[in-house]
Each structure stands twice: as structure tokens, then as C-alpha cells.
Amino acid sequence: MKCPKCRSDNTSDSRYCKECAAPLTSFPEISAFPAETLSMPLNELATGSVFAGRYKIIEELGKGGMGKVYKVVDQELGEKMALKLIRPEVATDVKTIERFRNELRLARKIVHKNICRMFDLNQQEGTFYITMEFVPGEDLRK
């Protein structure tokens, strides 16, 4: 199955593209023409703003098919971390959110220098987000 966004090949049972994480349209619950509310871009978080009453935005680190990642300071703990906002069109799929929960459960049990620690999956005013370890350095693409 070809991804409608990046045109890469995916297996027929894939729900999301393996390259860009775009939803694949062969599933009945994902329309080829999404509703306007689902196609809206993820809200931008301005530098210096506070998300969820706790995370002060330092800078945007990157974005991809699943959402945007920001470098933040957890004002309750006084520590830098990464905050991943999950795209609304991804978060509307209950199975995807459950997959994130399972990954978080498993990731909390793994400690390795090449694996980023994940802390929490939460929701603020309809926006799902994941908090995780901030690792300084180049982005994964580089």
C-alpha cells in the first residue's frame, strides 16, 4: 500500500506509514478526505509560554508524522525535558493512544544509554502529550 503523503510502500495491514507516520487511508475509520477539524495543524507553542500549567517552552526541537517535540522546563521539578504533543488526527484513534500507553509501560522498564526515558502520557484540554528525557545533541535525522 502506498502512503498518500510520501508515496513509500507499506504492508497492507499498516495503519500508519513506516516513513512519515501519516495515516493510511485503506481503513474505514480513516477517511480519504478528513473532516476540517481533523486536518487542522497542531497548535504552535510559543517560546516562554507554559503548557499544562507546568511545562515552560524553551524551543521546538522537531516535528513529524506523530506530532511536535519541544524542549521544556518542568517548573515543578526545575528540570529540562522533552514534551511531545501528539497530533489531533493521530490522538483520535483509541487504539493508537492505547499503543502509546503500552509503549510507555514497557519503556519505563528499560534502562539503556541509547534509549530515551519516557515519563508520562497525559492529556490537556484534548491534546495528548508525552513527557520524556531531553537528550542534548543532534536530531535523529542527522
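What follows draws every value from the coordinates through simple rules; no lab data is involved. Here the structure is a predicted model, which means the values were calculated and not measured. Neighbour counts run over all protein chains shown; Cβ positions are idealised from the backbone, glycine included.
Taking 20 Å as the limit for the C-alpha separation, the pairs 63/142; 5/71; 56/95; 18/109; 71/95; 5/95 exceed it in the case of 5/71; 56/95; 18/109; 71/95; 5/95. Taking other C-beta atoms within 10 Å as the exposure proxy, 54, 108 rank 108, 54 from fewest upward.
Summed over qualifying helices (DSSP H, 4 residues or more, each -39500 (n - 2.57)) and divided by its residue number, the chain shows a 222 nm mean residue ellipticity of -4000 deg cm²/dmol.
Between 0 and 90 degrees, rounded to the nearest ten: what's the tilt of helix 94-107 against the longest Cα principal axis of the chain? Roughly 40 degrees between the two axes.
For the stretch 42-132, a crude dipole built from +1 on the beta carbon of Lys and Arg and -1 on the beta carbon of Asp and Glu, taken about the Cα centre, is about 420 debye to the nearest 20.
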